[in-house]
Amino acid sequence: MADLFEVQSCDKCRNPAIHHQVYSGRMMCGSHLADSVRKKVTKALREQLTVPKNSDFTILVAISGGKDSAVLLERIHERLGKRRDITIVGGCVDEGIEGYRPPSLECARQLCESLGVRFETVSYPELGFKEMDEVVGKIIESGDKKTPCSYCGVFRRQGINHLADRVGADVIALGHNLDDMAQTIMMNMQNGDLERTLRLAPHTSTPLEGMAPRIVPLRWVPEQEIHLYALHKKLPIHHEECPHGEGALRFRHRETIAMMEADVPGTRHGLLRMADDVKKLHADSEIKRLSTPISCPGCGQMCSGKLCKACEMKALME
């Protein structure tokens, strides 16, 4: 029976392993898992981030107090923080969710303080939106079929754009991990939404008119490895999930992707490679079907329709 409780060893150093990287077959201790994450993020940064010579360059890192954005900020700071031509700013959007946002906001602030990074925040009321707790109440009261995440995702994007404008960001870094990317691609496929797939970050070679380009340095790192890295580095992170997230389509796709990955390790990587190939095929083709963005008459943000989604949803809440 003793063999049942034997801790397997790291493939590289024979120390006790904390993670089985099923898609590669490797067993990893904390240090070698951290090395794996560092290498992936460093490679992604090289591929996605182009800093012009002899210029002041500002990166807005969108942070929330959670594990993904904490690892994102720590990695960008470690990699680029000593460069005098680069300013790193941590930006957090306060959605107004009692019991959830205040402690996560504090984790984000603590991380920025420990790294010596400027910290900026903006609340929904500052942007002209109602706080999410009030939005959820109105959704329930009106019987609206949209989930809270439908509103919050749109408002959060406006908040990030606002912070980018405030600090003069040249690039916005988002903490989407491999699982997030795979889920988004599946959602787009389910909806037959090719245009959203073509607009997926990173925008290094496909910038969107009127918007600071997004980069996603964690895109090849699975969520579990991000979490283990954050714990290994003892980063201040908030562990709770949003109380309004239940019922969101993304959560259902999370379960689907997890089951597919368990059955066929490497599924997440395959979905992301497919999306990258589709984007490259489109970029190399003579067919340009993306709609030309316009300035929203309500708020001035770039949008693809007559009115941006944020202004549409804001009107529904009035």
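Here is how the numbers come out for the structure above:
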{"read-out": "Residues that are at pLDDT 95 or above and surrounded by fewer than 18 Cβ atoms within 10 Å (Cβ to Cβ), drawn from the range 46-55", "value": "ARG46, GLU47"}
{"read-out": "PHE155 vs. criteria under 28 Å from THR87 (Cβ atoms) and either assigned to a helix (DSSP H, G or I) or small (Gly, Ala, Ser) (or both)", "value": "yes"}
{"read-out": "Residue in the range 239-251 that is touching a helix residue (DSSP H, G or I) at 6+ places or on another chain (Cβ under 6 Å) and either in a helix (DSSP H, G or I) or farther than 19 Å from VAL154 by Cα (or both) present", "value": "yes"}
{"read-out": "Index of the failed condition, PHE129 passing every other in (1) more than 20 Å from ARG214 (Cβ to Cβ); (2) part of a helix (DSSP H, G or I)", "value": "(2)"}
{"read-out": "Qualifying residue in the range 255-277 (condition: in a loop (DSSP other than H, G, I, E, B), within 23 Å of LEU60 (Cβ to Cβ) and more than 22 Å from the chain's Cα centre (by Cα))", "value": "no"}
{"read-out": "Candidates GLU241, GLU261, GLU209, GLU246, filtered to the one that is of a type in the set (Asp, Glu) and under 22 Å from VAL71 (Cα atoms)", "value": "GLU241"}
{"read-out": "Of residues in the range 300-318 being farther than 16 Å from ASN161 by Cα and in contact with a Gly (Cβ under 8 Å, 6 or more places away or on another chain), the one modelled with the lowest pLDDT", "value": "LEU307"}
{"read-out": "Positions within the range 66-112 being out of contact with any strand residue (DSSP E or B) (no Cβ under 7 Å at 6 or more places or on another chain), surrounded by fewer than 16 Cβ atoms within 10 Å (Cβ to Cβ) and acidic (Asp, Glu), in sequence order", "value": "GLU78, GLU98, GLU106"}
{"read-out": "Any hit, the range 73-91, residues being closer than 19 Å to ALA169 by Cβ and in contact with a Lys or Arg (Cβ under 6 Å, 6 or more places away or on another chain)", "value": "yes"}
{"read-out": "Selected residue (only one of LYS145, LYS234 is among the basic types (Lys, Arg) and either in contact (Cβ under 8 Å) with a residue 40 or more places away in the chain or under 28 Å from ARG118 (Cα atoms) (or both))", "value": "LYS234"}
{"read-out": "Selection within the range 117-142 - more than 16 Å from VAL93 (Cα to Cα) and either free of Cβ contacts under 8 Å to residues at least 12 places away in the same chain or in contact with a strand residue (DSSP E or B) (Cβ under 6 Å, 6 or more places away or on another chain) (or both)", "value": "VAL117, GLY137, ILE140, GLU141, SER142"}
{"read-out": "Whichever residue in the range 10-30 is outside any loop (DSSP other than H, G, I, E, B) and touching a residue at least 24 places away in the same chain (Cβ under 8 Å) and, among such residues, is surrounded by the most Cβ atoms within 10 Å (Cβ to Cβ)", "value": "HIS19"}
{"read-out": "Any hit, the range 35-56, residues being in a strand (DSSP E or B) and under 24 Å from LEU72 (Cα atoms)", "value": "no"}
{"read-out": "Selected residue (criterion: nearest to the chain's Cα centre (by Cα)) from residues of the range 294-318 that are among the polar types (S, T, N, Q) and surrounded by fewer than 19 Cβ atoms within 10 Å (Cβ to Cβ)", "value": "SER304"}
{"read-out": "Filter result for ARG166 (assigned to a helix (DSSP H, G or I), of a type in the set (Lys, Arg), surrounded by fewer than 17 Cβ atoms within 10 Å (Cβ to Cβ) and modelled with pLDDT of 95 or more)", "value": "yes"}
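The values are calculated or read from the model by the stated rules, or taken from the named source; none is laboratory data. Since the model is a prediction, treat every value here as computed from it, not as a measurement. Cβ coordinates were reconstructed from backbone atoms using ideal geometry, including for glycine residues, and neighbour counts include every protein chain displayed.
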